[in-house]
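Below: one structure, written as structure tokens.
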Amino acid sequence: LQDNSTVIYDGDLAWIRNIGGDGSWTAMDASNDNIIFASWQFLNIRKSTNRGSSFGNSVTPPGNGPTAFIAPYRIFYLNSDIMYAGRDKIYRSTNGGNGWTATNNNTALDGNFAIAMDISYQTSDKVYVATAPSDFNRGHIFRTTMSGSSWTDITGILPYRFPSDIAVDPNNVEIVYITFSGFGTGHVLKSPKS
């Protein structure tokens, strides 16, 4: 929502306008809809515990490395205390964003900033992250199965374009979809191929 903050629809005709300049990624606890996360440009995240009536202090991960204008973060479906957020490094929280740890031994994945991510619905240990290509380095797709202690580059023959989103199948952790912007090859890809 460029220049239009983060908005909440609660059934009324008027949307509730909330935090931030350029509304960005949002997340809601699947088991407690009082807990909502909202963000704006460069991974500034705030948390609400009252369905978005107000947002408390920042739960933004640390770091000042390269960060996407609209940077990704995700909460784990079964426990919103577990979160991942991406700059050039990927950060993990186990207390709802009140404290963060850099994954991958505090090392950037490939030097590019994260642009998309998703967490398995079954286990918070399995996470996928896409990085944006830069002038010097193509973007990559990474996977961890160990909560980020190490990451594996699974880019393979995927297109050299901007990945726009990643989605893990909620019923099968082995099925992952990724979309790419741009022209040429396909835009929606699935792994594994069926």
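Read the figures in this text as sums done on the coordinates, not as results from a lab. Here the structure is a predicted model, which means the values were calculated and not measured. Here the Cβ positions follow ideal geometry from the backbone for every residue, glycine too, while neighbour counts run over all protein chains shown.
Determine whether segment 59-68 contains at least one residue that is of a type outside the set (Ser, Thr, Tyr) and at positive phi. If you could, list the steps in order and put the result at the bottom.
Step one: filter segment 59-68 for residues of a type outside the set (Ser, Thr, Tyr), giving 59, 61-66, 68.
So of that shortlist, the ones also at positive phi come out as 63.
Yes, segment 59-68 has at least one match.
Considering only residues that are hydrophobic (A, V, I, L, M, F, W, C) and in contact with a Pro (Cβ under 8 Å, 6 or more places away or on another chain), look in segment 160-188 and name the one that is surrounded by the fewest Cβ atoms within 10 Å (Cβ to Cβ). Give the steps one after another, and end with the answer.
Filtering segment 160-188 for residues hydrophobic (A, V, I, L, M, F, W, C) gives 162, 166-168, 173, 175-176, 178, 180, 183, 188.
Checking which are in contact with a Pro (Cβ under 8 Å, 6 or more places away or on another chain) leaves us with 162, 175, 178, 180.
Numbers: PHE162: 16, ILE175: 14, ILE178: 21, PHE180: 21.
Checking each candidate, the answer is ILE175.
Please work out which residue is nearest to TYR121 (Cα to Cα), limiting yourself to segment 174-194 and to residues that are part of a loop (DSSP other than H, G, I, E, B) and of a type in the set (D, E, K, R).
Within segment 174-194, the subset part of a loop (DSSP other than H, G, I, E, B) is 174-175, 181-187, 192-194.
From what's left, of a type in the set (D, E, K, R): 174, 193.
Numbers: GLU174: 11, LYS193: 20 Å.
Restricting to residues being part of a loop (DSSP other than H, G, I, E, B) and of a type in the set (D, E, K, R), the top hit is GLU174.
Are there any pairs, at least 6 apart or on different chains, whose C-beta atoms fall under 6 Å, with the first in segment 19-42 and among the charged types (D, E, K, R) and the second in a loop (DSSP other than H, G, I, E, B) and surrounded by 18 or more Cβ atoms within 10 Å (Cβ to Cβ), and if so, which?
Between residues of segment 19-42 that are among the charged types (D, E, K, R) and residues that are in a loop (DSSP other than H, G, I, E, B) and surrounded by 18 or more Cβ atoms within 10 Å (Cβ to Cβ), the close pairs are ASP29/ILE35.
Does ASP33 qualify as being charged (D, E, K, R), closer than 28 Å to LYS126 by Cα and touching a Ser or Thr at 6+ places or on another chain (Cβ under 9 Å)?
Working: charged (D, E, K, R): yes; closer than 28 Å to LYS126 by Cα: yes; touching a Ser or Thr at 6+ places or on another chain (Cβ under 9 Å): no.
No: the conditions fail for ASP33.
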